[in-house]
Amino acid sequence: MREAGERWDAGYPRVSTDIQVERDALQNQVQALEAFASAHDLTLRLYPEAGVSAKDIDRPKLQELLRDVRAGRVRTVIVTKLDRISRSLADVLDLMRLFEAHGVKFVSLRDNIDTSGPVGRFMLHILGAIAELERGITAERVAEDMKLRARRGKWNGGLSPYGREVVDGRVLIAPEEAALLDRMRGLLLEKRSWRGVARALNREGKRTRGWDPVERDGRTVRKGKPPQEWTSVSVKRVLLQPLNAGVLVYNRRRVNGKTSTPRPPEEHVVVENFCEPIFTRKQMEEIVRVASEIEGKPPAQTGSSYVLSGLVFCWCGSRMYPVKNYVTTKLGRHPVVYYRCRRASHNGTCDMRQVPAAILEPLLVTELEGLAFDPARLLRLAPAAEAHFNSQIQPVEERRAALLRDRERLERRTTVLLELAEDRLIGKDEFVQRKAHLDRERTETAKELASVEVELLHARNASSVDIGVTLESIRRMSDIYDELEEVAERRHIVETCLDRVVVGPTSVEFHIPTYPAMMARLEQR
């Protein structure tokens, strides 16, 4: 128990990595702090931080120290070196303002800093700026070394491109994947469509490359990914990679935090004859020419002139999009609108039939009008709606918390990796490989977190189970739907009542915001 009014001098030793812990770097700092305290007759209390980076102040022992500072229990904070408490100038200055506000003196032994005087405070600002500058220079030096490796024809780490495998630092051809790339090339020349290539591959049972998760020291350093169906984007990406022609193009994008932007071509590092080509130069030029022709065709503009555009999904999970066909009868040629599964149409891997809009749209309007005259049905569903919302939102919130922890962990590991490289505790090859893995994990985590945040935002906006509001929206739709002549107006009024519509072979689920899915029988003529 701490006695009321008890005060002491705080020693803060810290090391960034387990390697430094094993090398007794933490114990060496402790001995230096104890010797200083003994020489100056101080009452020392230690706050040791083992294996934690100084990229920010979110560290358990440092936070404990700061709580004691705010409580007025600490007279002096002592470290062996300024970067032990922080490597960020902004954080250093914030900490010093906190110490000064509570009458706490700061001492750095190796830097000869004592903030009880103006000279010490001035030196603190100078050394903090130098520490931050060193960190920036180290990052630039590593980036330049990686570009130099690329110019020398060396692989900079990371997952090998499709069609390749990396063995002992050499980029070799993966025979099975290379054969599939050649099959893709032939399909592209035949079909002149990325979508057509993807559909053909999926119908043949071909899938993208998957990979197993990688664990190191009991931690997952790379998430696994199962093989997936080909899409237009994935086909285009693997066919157009320059490495297919044996050419490495490096430094194509500039990373700004968690985002990246393309660099101008003059900054690219282009290495001819980097590895054995899969395609000849002529074959690669032919692929690029066909790709240019495809890109020059404007995409079909659909969706804006149909009532349920953007709301309809197939039971396989894929979105359904509207298409217009023409049928010829005795009375002439007439347009007929269908909602068609994108996966069935583009990938050829769903057996769901297309649904006529003339059947689906009136069915949903009829079901909603029935609810407008049966408020007791919504009242009975209210408890289930509340439970449904809670069951849906809790896993999303838990996933968000896990992703935030993953993001913090990856930032800590990146900082530790930079410090290891700076202290020359690991070689360049190992640094490049581990940094590439971390970058990929950070990108995947950021994308997933953004998706989860959007999902949470939509869910919270619809979190209140308000029967009156729901009924008012449905009744309003029922009263004016037939009077609206513009498709856009009809679509807007339907969107106020429905989140989505899921179509199965014999039934339709329509999802009113917050409520569980309601079923209707689908009878196609």
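Check ARG67, ARG84 and return the single one that is at pLDDT 85 or above, more than 15 Å from GLY11 (Cβ to Cβ), among the basic types (Lys, Arg) and outside any strand (DSSP E or B).
Exactly one residue qualifies, and that residue is ARG67.
For the subset of segment 348-380 comprising residues that are charged (D, E, K, R) and at pLDDT below 80, which member is surrounded by the fewest Cβ atoms within 10 Å (Cβ to Cβ)?
Ranking the qualifying residues of segment 348-380, first place goes to ASP351.
Here are the criteria: (1) closer than 25 Å to ARG203 by Cα; (2) of a type in the set (Gly, Ala, Ser); (3) assigned to a loop (DSSP other than H, G, I, E, B); (4) modelled with pLDDT under 75. Tell me which single one SER345 does not satisfy.
Of (1) closer than 25 Å to ARG203 by Cα; (2) of a type in the set (Gly, Ala, Ser); (3) assigned to a loop (DSSP other than H, G, I, E, B); (4) modelled with pLDDT under 75, only one is false for SER345: (3).
Take VAL92 and tell me if it is at pLDDT 90 or above, within 23 Å of ASP423 (Cβ to Cβ) and hydrophobic (A, V, I, L, M, F, W, C).
No.
LEU159 is checked against (1) within 15 Å of PHE274 (Cβ to Cβ); (2) at pLDDT below 80 and fails just one. What number does that condition carry?
So LEU159 meets the others, but not (1).
Can you tell which of ILE294, ILE278 is out of contact with any Gly (no Cβ under 8 Å at 6 or more places or on another chain) and modelled with pLDDT of 75 or more?
On inspection, the qualifying residue turns out to be ILE294.
The values are calculated or read from the model by the stated rules, or taken from the named source; none is laboratory data. Source: prediction; values computed, not measured. Note: ideal-geometry Cβ built from the backbone for every residue, glycine included; neighbour counts use all protein chains shown.
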